[in-house]
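Colleague: Shown below is the structure under consideration.
The values are calculated or read from the model by the stated rules, or taken from the named source; none is laboratory data. Model, not experiment: these values are computed from the prediction. Ideal geometry is used to build each Cβ from the backbone, glycine not excepted, and the neighbour counts take in all protein chains shown. These accessible areas exclude ligands, DNA and RNA; they are computed on the full protein's heavy atoms, side chains included. Shrake-Rupley method; radii C 1.70, N 1.55, O 1.52, S 1.80 Å.
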Amino acid sequence: MPATSDWSYEKWNPGYVNSEKQSYVQNSANAYISDGTLKIKALKDSSGNWTSARINTYGHHSFTYGYIEARIKMPAGNGVWPAFWMMPENSAYGTWPASGELDIMEYSHATQGTKVFSTVHHSKSAAAKTTDAYSSLGSISISDAATAFHTYGMRWTDQYIETFYDDTSLGKKYYNDGNGWVNWPYDKPFHIILNLAMGGTLGGTIDSSLTSATYEIDYVRVYQ
């Protein structure tokens, strides 16, 4: 299992967010290290219920600014929704989305056709503090995402945020407009999250013949 000195497990019931189908559990069958890589594995039981893992560095490692990268091989099959992302260590500006969210990589096979997305989330305005005003940092289709490893990274400075696929920019930057937390809540420490959801608003319809899916992470690195 991932080192508990670096990672903590989240435990959620199905449907807690985004209409996802899985339960998040702490179980060695759902998160384990073998052959030098971390596997996060979604499993369907005989009753048709899915379990998976969602791990984070909250309370262990958080940081403000830097270059964050992971080398990843995606799970295969319709309905998978793996993610590599960050949330604020402390919600200094209020509950989501006011304190921000940094999505380095989200992947959808069923609904978008092997496409990777990167997004930042923030409030629409001070008056609409709890309304999400997300901004895309780009997307790309990757035909071999589930059969080969690729790197996914984010450069986060006090001036802009930009994401990369295999060291190439996805082509968009999100800039600090200098007007405070509404558009730039990204000046506080954030922690890293890795998870594999099944179904939901981005995962889409799960293939009925699918009984497992494996999200494989070679490394996660932070450069400051």
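Colleague: Hey, any hits in segment 122-130 for a residue that's out of contact with any helix residue (DSSP H, G or I) (no Cβ under 9 Å at 6 or more places or on another chain) and in contact (Cβ under 8 Å) with a residue 60 or more places away in the chain?
Modeller: Yes; the residues of segment 122-130 include at least one that is out of contact with any helix residue (DSSP H, G or I) (no Cβ under 9 Å at 6 or more places or on another chain) and in contact (Cβ under 8 Å) with a residue 60 or more places away in the chain.
Colleague: Same structure again: Report, by residue number, each residue of segment 29-44 that is within 17 Å of Ala213 (Cβ to Cβ), open to solvent by 30 Å² or more (accessible area, probe 1.4 Å) and over 17 Å from the mean Cα position of the chain (by Cα).
Modeller: Ala29, Tyr32, Ser34, Leu43, Lys44 - these are the residues of segment 29-44 that are within 17 Å of Ala213 (Cβ to Cβ), open to solvent by 30 Å² or more (accessible area, probe 1.4 Å) and over 17 Å from the mean Cα position of the chain (by Cα).
Colleague: In a loop (DSSP other than H, G, I, E, B) and either in contact (Cβ under 8 Å) with a residue 12 or more places away in the chain or open to solvent by 50 Å² or more (accessible area, probe 1.4 Å) (or both), is that true of Lys188?
Modeller: For Lys188, the condition - in a loop (DSSP other than H, G, I, E, B) and either in contact (Cβ under 8 Å) with a residue 12 or more places away in the chain or open to solvent by 50 Å² or more (accessible area, probe 1.4 Å) (or both) - is met.
Colleague: Counting only residues that are of a type in the set (Ser, Thr, Tyr) and surrounded by fewer than 16 Cβ atoms within 10 Å (Cβ to Cβ), how many does segment 45-79 have?
Modeller: Here the count works out to 4.
Colleague: Follow-up question, since we're still on this one. Within segment 152-161, track down each residue that is open to solvent by 20 Å² or more (accessible area, probe 1.4 Å) and in contact with a strand residue (DSSP E or B) (Cβ under 8 Å, 6 or more places away or on another chain).
Modeller: Listed by number, the residues that qualify are Arg155, Gln159, Tyr160.
Colleague: Among all residue pairs at least 6 apart or on different chains, which show Cβ distances below 7 Å where the first residue, located in segment 203-216, is within 12 Å of Lys39 (Cα to Cα) and open to solvent by less than 50 Å² (accessible area, probe 1.4 Å) and the second is among the aliphatic types (A, V, I, L, M) and assigned to a loop (DSSP other than H, G, I, E, B)?
Modeller: Once the first residue is within 12 Å of Lys39 (Cα to Cα) and open to solvent by less than 50 Å² (accessible area, probe 1.4 Å) and sits in segment 203-216, its partners that are among the aliphatic types (A, V, I, L, M) and assigned to a loop (DSSP other than H, G, I, E, B) give Ala213/Ala76; Tyr215/Met74.
Colleague: Could you count how many residues in segment 89-105 are open to solvent by 10 Å² or more (accessible area, probe 1.4 Å) and either of a type in the set (Val, Ile, Thr) or out of contact with any Phe, Trp or Tyr (no Cβ under 6 Å at 6 or more places or on another chain) (or both)?
Modeller: Residues in segment 89-105 being open to solvent by 10 Å² or more (accessible area, probe 1.4 Å) and either of a type in the set (Val, Ile, Thr) or out of contact with any Phe, Trp or Tyr (no Cβ under 6 Å at 6 or more places or on another chain) (or both): 8 in total.
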